[in-house]
Every structure is written in C-alpha cells, then in structure tokens.
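As structure tokens, the structure follows; a few thoughts come after it.
The values are calculated or read from the model by the stated rules, or taken from the named source; none is laboratory data. A quick note: this is a predicted structure, and the numbers were derived from the prediction, not measured. Note: ideal-geometry Cβ built from the backbone for every residue, glycine included; neighbour counts use all protein chains shown.
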C-alpha cells in the first residue's frame, strides 16, 4: 500500500541528510551498536491492530456507508429528527410520527405522511440532508430502498430524487411505480451523470397525488469497499488497509457497556435484516443505527485480513450498574457463549446456522475474547468474580481461546490483561521503559487503547513523536505485549461530530485524511520484523528513542529512530555479527518544522512519509537525524 500513501522516492544525491559512509567518531556522537546475530526475543505477529467503537460518528456518519441520517424516523425537533417536509408549488401535507404501525417488531413506528393536495408539478413529501450533506460523485450508481405502505392505491407512484442544495438541480431520480397497503420493501438505483463531486445535496421522497403513506428505513448507499451490501466507506477502509492491521477489537469500549445495562451492545439485535434491528443509544449521546452489526464487524475483519478480537459484555455498565457473579450473571455468560458460537460455530450449531442464514456459512477464526471493558471503573469490586465466571465457562467450551481481562483480578491468572494509556507526549517520553522490567511469568499484555492526546480534532506532529517513542518501547517488549491498538480510530470533523479529541483519521462527507500519528502507525506496522535484536546505545539524549527488529527469513533489519528534539542529532551506527550489507537500503522519514504542524481536511498531505534510497552503507557508519523526525532504515544483512 506504500504507493497509495504518497511515499516519494528520490535519488540519494537529492537529499544530503541521509546516511553517509563511516567517518571518524567524535567524542560527543552517540553510538548505537546493533548485534545482528543476537536476537533477544520474538516479535508478536499480532502486535499492531485496530480498536474501534461508536464515538465521533465513527460508524454512522463515518465508516458505515449509509448516507441517510435517522433512517428509522426517531422523534426529535418537533417531528422526526433530520426529516423535513417537501411541498412543491401549492401542495399541502402534514407529517406525523406514528407509534402504532411499522414494518417489523423491531421497528414498530413510522412517519405518516398525509398529503392533502399535490399534482405532477406540485409534489409533496419528505427530505433528508444526510450526515452533514449527501456526498455525490459523477457517473455513480447509488442503491436506495425504503419500507412503505399506503392507505390505498390512489397515492400513486413515489418519486425519489437527489437534489443539489444550491442549484436545485435534480442530479439523480428514480420512480417506484406503486406502493401497496401492506408494509413492503422497495429498492431502486439512483445514477448521477456528469456532475461535480459535492456533498451539498439532499434526498427527496415525494408523491404527486393526495393520500396517506407511511415510511420507515429509508436508505441510500454509495459504492462500498469490496462491493459489500450494507458495507463500508471505501476511502476509510483503504486507509486502514495501509496500516496492515493484524486484528480488530470490537464492538468497542464504552459502546460495549452502555451507560445503563439495557443500553449495552446486544449482539443478537444487530444481526439479520436491517428491518429487524431496533437501534440503540450509544454512550456518546446519539443513537446507533446498528447497521454495523456483529456480522459486519466480522466481514470488516475478513476484508482487511485481520483477526477478530471479540469483546463480550461482562455485567458492568458505566453508570455504576453491575450484575454480581453467580446465578444473576449466568444469562450474560450464556449470551457470550452463544456469541462465540455465532462467530466460530459450524452450520450444524444453532448460532453457526444463524450466521449462515445471515449470509456467511464459513466460520471465522477467533483466538481472543475480552471480558468487559475498563472494569477498573467498577467501584463494586465485582470484576474478579465476574471475570472468573466468564473465564471458566468459556474455557470449558473453547479451551484454546485466550481470555483477556480488563482489570487486575484476584484468584485467577488471566491469559492477557488489557492496559490503557492516554498521555501527553512528555509523559510517553518519560515512560518508554514502562514494560522493560515487567515480570515475564505474569499475564501477557494487550495495550488495547493508547494515544498521545495533543492536537484537535486529530493529533499534531508533537503527538506523533510521542506515539512513535511509545511504540519503540512496545516493540522492544513485544515478547510480553501481544497486541496494541491506538484509540480512537475515527472522527467526523464537522461541527458536532467530535466527542473526543486527538483521533487517528479525520473525515467529512466527501474526503478523509490521516493525521501525523496515523502515518507513524503506518510506518511502524509496515516495517516490522519477527525478532528483536540486542543493542546498546551510548550517549543518546533524553529525546532520542529507537527500536530494532529483523526479519529472520530475509535478513532485513528495521531500525526505527525518533528524534523528538528541535535540534538535528548525529549518531554512529555499528552493526556487529555481520560482515557486510547489501548495496541498497531505504530510509523513510516523517518530519515537521514544529510540534503543532498537522494535517487536515484542507491540507491532508502536509505531513506524509518520504522514502529515499540509502547509498552503500557499511557495518559502521554515521547518520544525522533531522530535528522533529521519525525515521526508519531498512537494511539487508544477507
């Protein structure tokens, strides 16, 4: 994916700061000695992955490609939230939320549209502006649908249009010839012509005759990644693919728990047809459509070749509501076992058959299950007993699964413990040796949420330096740290779209961009070996950080160096245990002039990695790190 990241290759003569041939060491030059023939530990093959949850409009209005906002007509603002009346010419109508009829048990409500006056030139109906606009591109087919029923056939055809906000031009149109008196689903394509790309558009659904019609689940999808039905936004999936993530932790942190127990993520209500998904409130103060359901998470993993890391609800919600271990917790344990069966079971099992019915007969491979989220917030002290009940029940049926604890527990040794870190850059600089002396006989570590929180809505370059420094420490200790994932992953940068600052990837309706921290993640995950090499570093300053891994199959060495200082830093690099290097290596650099420099929707590629060729280097050479820089050397040792 490097070619998609705007990485540029230059001749070595064009850049004077790259590594140069060995020269006499001065007394104040730091010396980094790398023992090529002395690997000290293995690198976890699942070290870098993704953590996701519904925050900052990450799913609805973000990754989940649905373009209609409030497609199920929840009430708000004196009517159905985000829906408004369309009355062309002298048409007359009224809109009435109706709680007495809907297309399913999950969606028992609808919007009742009573048209008193309308004709072909003066149509009446409803409109929706999407999530901060409906993005449209030229010569593109959009898949639309709605559920509807009519009082009688006199209502006639339903016209669906995509209309430009400024010009009023109809840029795409479809006609549903007739609506019956029973609830039914109606599908239609909307194709644009030679228009200019723009998000300044809205959706109109109108009729040309008086009468009464009810609507629910009005939907519109653009082309999706891998052409998935009910799928994901292409540009955001491509940005994640560039990170080469090994796993996806889902469905989220706080989103898993909910503020209250009834508001938890209930996976059984997120599978099957959309009309059977009732939606639920997220803890970030907006309603989740639940279009991103359990199977969609798993297909997301499938599309990006990631392992699923399934988090199951463990009996604690954030308003300090909990279920004590014992008989009261047993239904939640059973629900988790059934969820695991949905993921991994064959079609001969109850929930494996349900997954096949939903369109995916093949089971998914699952290695890790996380019990709860941030249960150190539970003031009742009930987590140890709750975790043990889940642990024993899951291990009895699935003995090979690794069970992750979200807090320290007593009386049982977890397979893995989930640590979370949100810090400033200086705090990460001071803590890069956090795991150097941790007991290797204890549980493995999953750094399930971490980020340098500087910059808004996405991190600035100072945050990227903090992130990169922290990642060098995680790489050095990747015998202990089996997985790590930055959080939050996404943010909608429109006004009202953000609930948490410093998010990895920003977007609006039309476009997206990676922050400097995103590109640091891409660099680290794309240049990673399978073993950590022994090394010593003499004379390095307090803002100089490094890690060294090597691919044991190819002999390629990956040297990552972070200079968080405002001054360039010369170093001498010595390689022992190898007699020579191949002629050509590469140097990838991410740098900025100031700590506040960053990317944005308006300037999405101001700070991106640049890759150059290295000249022939020896086993002892000097190199100067630019100020405020993250650099990775790829060197072939055989």
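Points to keep in mind about this one:
- Of the strands (runs of 3 or more DSSP E) lying entirely inside segment 122-236, the ones with 2 or more residues being touching a residue at least 60 places away in the same chain (Cβ under 8 Å) and under 29 Å from the mean Cα position of the chain (by Cα) are found at 141-150, 201-207, 211-221.
- Of the strands (runs of 3 or more DSSP E) lying entirely inside segment 509-553, those containing at least 1 residues that are closer than 18 Å to residue 483 by Cβ and at pLDDT 95 or above are 531-538, 544-550.
- For segment 348-375, the set of residues classified as loosely packed, with under 14 Cβ neighbours inside 10 Å and either assigned to a loop (DSSP other than H, G, I, E, B) or under 24 Å from the mean Cα position of the chain (by Cα) (or both) consists of 348, 359, 361, 362, 365, listed by residue number.
- Yes/no for residue 581 being modelled with pLDDT of 95 or more and in the same structural domain as residue 625 (by TED's automatic domain parsing): no
- Count of segment 590-611 residues, restricted to those that are out of contact with any helix residue (DSSP H, G or I) (no Cβ under 9 Å at 6 or more places or on another chain) and either more than 30 Å from residue 199 (Cβ to Cβ) or not in a loop (DSSP other than H, G, I, E, B) (or both), is 1.
- Candidates 407, 388: the one that is assigned to a helix (DSSP H, G or I) and either in the same structural domain as residue 478 (by TED's automatic domain parsing) or free of Cβ contacts under 8 Å to residues at least 12 places away in the same chain (or both) is 388.
- Being in a strand (DSSP E or B) and modelled with pLDDT of 95 or more is a description that does not apply to residue 101.
- Residue in segment 244-259 that is assigned to a helix (DSSP H, G or I), out of contact with any strand residue (DSSP E or B) (no Cβ under 7 Å at 6 or more places or on another chain), at pLDDT 95 or above and within 21 Å of residue 342 (Cβ to Cβ) present: yes
- Filtered by the rule that a residue be without any contact (Cβ under 8 Å) to a residue 40 or more places away in the chain and part of a strand (DSSP E or B), segment 81-98 gives 87, 92, 93, 94, 95, 96, 97.
- For segment 178-222, a residue qualifies if it is modelled with pLDDT of 95 or more, in contact with a helix residue (DSSP H, G or I) (Cβ under 9 Å, 6 or more places away or on another chain) and surrounded by fewer than 16 Cβ atoms within 10 Å (Cβ to Cβ), and the qualifying residues are 180, 181, 185.
- Within segment 38-61, tally of residues that are within 30 Å of residue 576 (Cα to Cα) and in contact with a helix residue (DSSP H, G or I) (Cβ under 8 Å, 6 or more places away or on another chain): 3
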